[in-house]
Structure formats: structure tokens, C-alpha cells
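A.B. asks: Mind looking over this structure? Questions follow.
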Amino acid sequence: MFVVTGATGNVGRSLVRTLAASGARVTATSRGISDADVPENVEHVRADLTDPESLRPVFDGADALFLQNGGPSAHLLSTRDILDVAKAGGVERVVLLSSQGVATRPGSASHGDVARAIEDAVRESGMAWTILRPGGFHSNAYAWAESVRARRTVSAPFADIGLPTIDPDDIAEVAASALREDHRTGRIHELTGPALTTPRQRAESLADALGEPVRFVEQTREEARAQMLRFMPEPVVETTLTILGEPTLAEQRVSPVVEQFLGRPARTFDDWARRHVAAFR
């Protein structure tokens with residue numbers, strides 16, 4: 001049986017569907033999960049990663065665990081406790097969803113010492129482990145959905161700076177493979193999409209998917225910062241803006257890992273936009 005934490009998120013939700021479609025037994029868990037969040041044949045349990053004891057019933061009879069690092073609010077002690085509870089419940093394999101920024105932005109508020117220590121905890125858990133480090137997600141474009149629906153407008157900084165964002169469904173399929181296959185263990189994999197795309201190009205992709213023009217408005221860094229501070233802590237905003245505006249060569253490098261795992265190229269942003277266009281209508 002597979003346990004999927006963060007099962008209502010972009011990656012976790014897709015991973016649950018992918019595993020269930022293969023006939024695997026899956027238990028999906030998050031703090032607010034409900035029947036509507038999972039396929040009919042998937043068990044779901046409300047549990048809190050900051051309370052590892054709440055996960056003890058979830059791991060009974062489980063073989064493998066998909067774990068998210070929790071982002072900048074993650075707590076190393078909780079992670080070690082989760083891993084201990086999982087191991088006590090019989091879990092033998094863990095796949096951690098981490099972040100490319102652990103390597104490219106060491107010491108930053110959003111990808112710094114805690115995130116790296118969580119990876120260390122997974123490596124030191126005594127279980128077979130795989131660590132996935134994706135860069136930015138195609139689905140970050142959901143932040144534009146309201147303005148596209150209301151005004152057919154996208155506003156973003158750094159209009160012509162490209163990053164190889166990735167489809168969360170690709171991350172989910174890679175995670176499913178890693179959960180199943182012994183030869184994937186003991187490795188850290190960086191995951192990206194198949195090509196660099198810029199904010200201006202992603203807006204054009206949405207326009208093509210909609211069949212209507214979408215106007216692009218380039219923000220200044222300060223304008224973007226003010227907008228992002230409404231829903232993100234200031235240190236995370238600063239790191240995010242630096243990645244978007246001054247990416248390192250490593251952050252712009254296209255990884256072959258998705259194709260190596262799945263035997264097909266990673267999905268493009270164009271493809272993501274077509275599949276999710278309803279959110280922008």
C-alpha cells in the first residue's frame with residue numbers, strides 16, 4: 001500500500017490518481033481531505049504533518065510513503081518523527097518531494113538549511129529513499145487565472161527571462177515510478193520541463209488555448225513584490241523574485257530525468273495550458 005501526503009496539492013492529487021489507476025492500494029492524507037478529493041477506490045484520512053502521531057493509523061500495512069518537505073514552514077523534528085512513525089508502521093520506502101532550490105539557493109529562507117536537513121533525515125531514515133527536486137511548476141500560472149478570466153490580461157515581472165517549468169502531472173508520474181521500482185532508490189533527481197519558457201510566452205500559450213488574445217503587462221520587481229507579499233512571507237518573496245529575475249545556469253538547465261523515468265518527453269507548457277484552459281475561461 002502507498003501513503004500519499006499532501007494529497008490535495010497539485011502533485012499529490014495527481015499522484016493519487018496515477019497510483020489508483022494502476023490498481024494500487026492508496027491511502028491519501030492531508031489536513032482537509034474529503035471524499036471529493038480522491039477517486040472512489042482510494043481511502044482517505046485527515047492528518048496533520050505537524051502531528052506525526054496523527055499519522056500512525058495511516059501507516060498500518062503501508063509499504064511506501066510519498067512525503068512533501070512542507071516548504072519554508074517545515075519543521076525538521078516533525079519530519080524525523082514522521083519517518084520514525086512510518087518505519088514503525090512497516091514502511092520500507094520513501095519518496096520525498098523537495099525542491100531544486102535546495103542545491104541552487106542554499107541558505108535562502110524558502111530552500112535553506114531546514115529543507116536540506118529534511119533531505120538528510122530522509123537519507124538517514126534507514127528506509128530506501130528517492131529525492132525529487134523539481135523547479136517551478138507550470139501550474140504556477142493559476143495565479144493569473146482571475147485576471148485572465150476578468151480582463152484577458154497577465155501581469156508578471158521579468159517578461160523575457162525563461163525557466164524550464166514542469167507539469168505537476170509529470171512529477172506525479174515520476175514519483176509513482178520511484179515508489180514502485182527498487183532501482184530508483186538512493187538517488188536525488190532534478191526535474192524540469194522540456195524547454196525554457198518566459199512569462200510572455202506562457203501568456204501567449206494561454207491565449208492560444210483560449211482562442212482569444214491575452215494582453216501581457218510587464219510588472220516592475222517592486223510591483224510584483226507588493227502583489228506577492230499579500231500571500232507569501234517576505235523572505236520567500238525575495239528568493240522567488242531573484243529566481244525569476246536572476247536565475248542561475250543550474251536553474252535554467254533542462255533536465256532529462258522525466259524522459260529517463262517515463263520513456264517520453266516532459267509535457268510542455270502549451271500542453272498544460274490546453275488541458276487546464278477551463279480555469280482561465
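A.B. asks: Is there a residue being at positive phi and touching a strand residue (DSSP E or B) at 6+ places or on another chain (Cβ under 7 Å) anywhere in region 148-156?
C.D. replies: yes
A.B. asks: So, one more: Got a sec? Which of Ala203, Ala150 is of a type outside the set (Ser, Thr, Tyr), open to solvent by less than 20 Å² (accessible area, probe 1.4 Å) and more than 19 Å from the chain's Cα centre (by Cα)?
C.D. replies: Ala203
A.B. asks: Based on this model, can you work out whether Glu223 counts as part of a helix (DSSP H, G or I), more than 18 Å from Ser139 (Cα to Cα) and not hydroxyl-bearing (Ser, Thr, Tyr)?
C.D. replies: Yes; evaluated as a whole, the condition is true for this residue.
A.B. asks: In addition: Based on this model, can you work out whether Arg46 counts as of a type in the set (Lys, Arg) and within 19 Å of Glu173 (Cβ to Cβ)?
C.D. replies: No.
A.B. asks: I want to confirm something. Restricting to region 116-129 and keeping residues that are open to solvent by 10 Å² or more (accessible area, probe 1.4 Å) and under 18 Å from the mean Cα position of the chain (by Cα), which single residue is modelled with the lowest pLDDT?
C.D. replies: The initial filter retains those residues of region 116-129 that are open to solvent by 10 Å² or more (accessible area, probe 1.4 Å), namely 116-117, 120, 123-129.
Add one more test, that the residue is under 18 Å from the mean Cα position of the chain (by Cα), and what stays is 116, 129.
Values: Arg116: 88, Trp129: 97.
So the residue we want is Arg116.
A.B. asks: Specify which of the listed residues (Ala207, Ala266, Ala226, Ala273) is in contact (Cβ under 8 Å) with a residue 60 or more places away in the chain, out of contact with any Gly (no Cβ under 9 Å at 6 or more places or on another chain) and aliphatic (A, V, I, L, M).
C.D. replies: Working: Ala207 fails: in contact (Cβ under 8 Å) with a residue 60 or more places away in the chain; Ala266 fails: out of contact with any Gly (no Cβ under 9 Å at 6 or more places or on another chain); Ala226 fails: in contact (Cβ under 8 Å) with a residue 60 or more places away in the chain.
Only one candidate qualifies: Ala273.
A.B. asks: Hey, another quick one. Considering only residues that are of a type in the set (Gly, Ala, Ser) and open to solvent by less than 60 Å² (accessible area, probe 1.4 Å), which ones fall in region 254-281?
C.D. replies: Ser255, Ala266, Ala273, Ala279, listed by residue number.
A.B. asks: Return the total of residues in region 239-248 being within 21 Å of the chain's Cα centre (by Cα) and either free of Cβ contacts under 8 Å to residues at least 12 places away in the same chain or surrounded by fewer than 17 Cβ atoms within 10 Å (Cβ to Cβ) (or both).
C.D. replies: Number of matching residues: 3.
A.B. asks: Working carefully through the options Glu190, Glu223, Glu251, Glu173, find the one that is at negative phi and either open to solvent by 60 Å² or more (accessible area, probe 1.4 Å) or of a type outside the set (D, E, K, R) (or both). Let's see the steps before the verdict.
C.D. replies: On the way: Glu190 fails: either open to solvent by 60 Å² or more (accessible area, probe 1.4 Å) or of a type outside the set (D, E, K, R) (or both); Glu251 fails: either open to solvent by 60 Å² or more (accessible area, probe 1.4 Å) or of a type outside the set (D, E, K, R) (or both); Glu173 fails: either open to solvent by 60 Å² or more (accessible area, probe 1.4 Å) or of a type outside the set (D, E, K, R) (or both).
Only one candidate qualifies: Glu223.
A.B. asks: Between a first residue in region 173-200 that is free of Cβ contacts under 8 Å to residues at least 24 places away in the same chain and a second residue that is part of a helix (DSSP H, G or I), which pairs have beta carbons less than 8 Å apart while being 6 or more apart in sequence or on different chains?
C.D. replies: none
A.B. asks: Under 7 Å between Cβ atoms, at least 6 apart or on separate chains: pull out the pairs that start in region 31-57 with a residue that is more than 18 Å from Arg13 (Cα to Cα) and end on any residue that is open to solvent by 70 Å² or more (accessible area, probe 1.4 Å) and of a type outside the set (Gly, Ala, Ser).
C.D. replies: Pairs found: Thr50/His75.
The values are calculated or read from the model by the stated rules, or taken from the named source; none is laboratory data. Just so you know, these numbers come straight off a predicted model, no measurement behind them. Backbone-built Cβ (ideal geometry, glycine too); neighbour counts: all protein chains shown. Only protein heavy atoms, including side chains, enter the accessible area calculation; ligands, DNA and RNA are left aside. Shrake-Rupley method; radii C 1.70, N 1.55, O 1.52, S 1.80 Å.
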